[in-house]
Amino acid sequence: MVVRDVAMPAELVRRALEEMERLDISMIIESAELNVSLDRGENWFPHVTTVTTAREVEGLRPDLRFSKIVFHDHELEKYLSSDFLRETFVLYRLGDGMNEVTVEGINKGAGLLAYVEALPERPTRTFAFGDSENDLPMLEAADVGVVMANARPHVIERVRELGGHVTAGVLDDGVARALEHFGLIQLGTDPF
């Protein structure tokens, strides 16, 4: 069930694609239906449709209905050199060598709130789990934000400021441990 499918304004997407092409930044642009790699010679997203020019992206998706752009850390300096990109988009440093940009209002927090609004009955509490900077809006929107120990320090600190919970890392069953901590599951029992 899709409860919220929003996109960046088409003209901003067009300008971002042109600017990133001008700056020679390889990236992937994502939507709910289509992900396209604008490959500037790196071919680092071979599993998606790959093009080499901004105009080809528009040829694949004439309405330019995309919600975010992702690129590697080594492209960050080029990205930050553009006043247009820096001043127009919200940048999330993902901490895994990747960066994500979108516009204000398109984030996981807005998605969580839309999902809760679409439920037939409001839950007693909402829990959100995350380990990256782009999870912060969702962790802030939830009644209980839970951050994994492998998150960047400023993400952990923000969740602590919100009164949230820090759990084990993703690879150490952090979600399951947090669910047990809140009494939502019991670990160590085999129901079969």
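Shape of the chain from its Cα gyration tensor (a ≥ b ≥ c, root eigenvalues): rounded if a/c is under 1.5, otherwise prolate when a/b > b/c, or oblate? The shape class here is prolate. Comparing Cα centroids, the stretch 113-135 and the stretch 1-42 end up 26 angstrom apart. The charge dipole of the chain, taken about the Cα centre with unit charges on the Cβ atoms of Lys, Arg (+1) and Asp, Glu (-1), comes to about 260 debye, rounded to the nearest 20.
For Cα pairs less than 8 Å apart in space and 6+ apart in sequence, what is the mean separation divided by the residue count of the stretch 10-102, i.e. the relative contact order in percent? Please list the in-between numbers first.
Details: 138 pairs, mean separation 25.4, N = 93.
Result for the stretch 10-102 is 27 percent.
Under the classification rounded if a/c is under 1.5, otherwise prolate if a/b is larger than b/c and oblate if not, where does the stretch 108-181 fall, given a ≥ b ≥ c as square roots of the Cα gyration tensor eigenvalues? Judged from the Cα gyration tensor, the stretch 108-181 comes out prolate (a/c at least 1.5, a/b above b/c).
Any read-out appearing in this document is the output of simple, stated calculations on the displayed coordinates, not a laboratory observation. Since this is a predicted model, take the numbers as computed values, not measurements. With ideal geometry, Cβ positions are generated from the backbone for all residues, glycine too; neighbour counts draw on all protein chains shown.
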